[in-house]
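A quick write-up on the structure given underneath.
The values are calculated or read from the model by the stated rules, or taken from the named source; none is laboratory data. Remember, it's a predicted structure, so these values are computed and weren't measured experimentally. Cβ placement follows ideal geometry from the backbone for every residue including glycine, while neighbour counts extend to all protein chains displayed.
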Amino acid sequence: MNLLRILLFPLALLYGSVVWLRNKFFDWGILPSKSFAHPLIGIGNLSTGGTGKTPHIEYLIKLLSSSYKVATLSRGYKRKTRGFNFATPQSRVRDIGDEPMQIYSRYPDTFVAVSECRRKGVENILKHNPMNQVILLDDVFQHRYVKPGLNILLTDYHKIFTNNYLLPTGNLREPRKGARRADALIVTKTPSVFSPLDRKLIMRSLEKYGLHKVFFSYIKYSNWHPITHVARQQNLQKAKTIFLLTGIANPTPLGEHLKRLCLDLKVFRFADHYQFKPADILKVTENFDATFSGTKAIITTEKDSMRLKDPDIMELIKNYPVYYVPIEVDFHERDKEGFDKMVHSFLSTFRKEKEESQEIKA
């Protein structure tokens, strides 16, 4: 932790007091938290981002789509529209945001919606998509005006919330004890080979938060996917020099992965959800042109690639080998079985209770 963040600790205490009072207002019923007679699964975190919410939403889509009609709802961060909107084949990042655009690009049969007001968003999904059977709520842990039936909290293995502090000293949006509202916790971005001792130490640090359902997931990287025609022609999967262009919260795991595929990694890092400007792209391409080595490639994330599809940006990169690296999450063996069972059990129990309620009314 740097000196500035330490000096800002009094502000963190003030911020924590305000958040504590807000949460109490929800607990006491002064602020309304609406439950729906419809299955809602929430994915969120205590920190400011970078825990992997989108790939976990995608995991749930894959898990459920064969049995349920699935919809997703998120805020649509940094989109240029307001209110409720949903993805169509004509949608662009400016309409719904980069992460919803990524989800829709991967899963076009999923009803992908955005709304600043999650309550209105749920109501509009049920109105526009009446056959829906489950709604996945993205980044909803602090948005307590809607109460998910299953509330899943994520924490990054490299920055577990138990070792973090409130903003602006740390990266937590609310005090650590807020984790007690979660029905389950996923420790994300763990090593693919995960030691039992490491698991035991983490579980011990979580005991006082009453989290009985804890799962551990990890990232799987797929083959590079070409964005430009030049990339499609070359079809590289490794290079001597890689130029990594990112606008995500935590590009470090991707950087570590790419270091194993090249001799020289040059990183161009921007803020999360950053809208790339022509000057940013020119900086990358000028460095690319000035680097004399063997094979070279410009690599980005799938989320960033949604924003690179802006026509002005595409014009600047069309003559360069530009790829994105698709990622997926998976769970360690016993965690996968337990997590999948928990989700299916929640939905089957919800369906059974609803059917019994309808029979009583009849």
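When you look at Lys147, is it at pLDDT below 95, in contact with a strand residue (DSSP E or B) (Cβ under 8 Å, 6 or more places away or on another chain) and in the same structural domain as Phe216 (by TED's automatic domain parsing), yes or no? Against the criterion (at pLDDT below 95, in contact with a strand residue (DSSP E or B) (Cβ under 8 Å, 6 or more places away or on another chain) and in the same structural domain as Phe216 (by TED's automatic domain parsing)), Lys147 does not qualify.
Of the residues Thr81, Thr51, the single one that is among the β-branched types (Val, Ile, Thr) and out of contact with any Ser or Thr (no Cβ under 6 Å at 6 or more places or on another chain) is Thr81. Which one is farthest from Pro148 (Cα to Cα) among residues in segment 33-59 that are among the aliphatic types (A, V, I, L, M) and crowded, with 21+ Cβ neighbours inside 10 Å? Of everything passing the filter in segment 33-59, Leu46 is farthest from Pro148 (Cα to Cα). A single member of Glu302, Glu337, Glu315 is closer than 30 Å to Ser67 by Cβ, not small (Gly, Ala, Ser) and not assigned by TED's automatic domain parsing to the domain that holds Leu150, and it is Glu302.
Of everything in segment 251-262 that is assigned to a loop (DSSP other than H, G, I, E, B) and touching a residue at least 24 places away in the same chain (Cβ under 8 Å), the residue that is nearest to Lys296 (Cα to Cα) is Cys262.
Residue pairs whose Cβ atoms lie under 8 Å apart, sitting 6 or more positions apart in sequence or on different chains, and linking a residue in segment 3-17 that is closer than 17 Å to Arg176 by Cα and assigned by TED's automatic domain parsing to the domain that holds Thr169 to a partner that is of a type in the set (S, T, N, Q) and not in a helix (DSSP H, G or I), are Phe9/Thr169; Leu11/Thr169; Ala12/Thr169.
Restricting the search to strands (runs of 3 or more DSSP E) fully inside segment 174-250 and requiring at least 2 residues that are in the same structural domain as Leu11 (by TED's automatic domain parsing) and touching a residue at least 40 places away in the same chain (Cβ under 8 Å) gives 184-188, 214-221.
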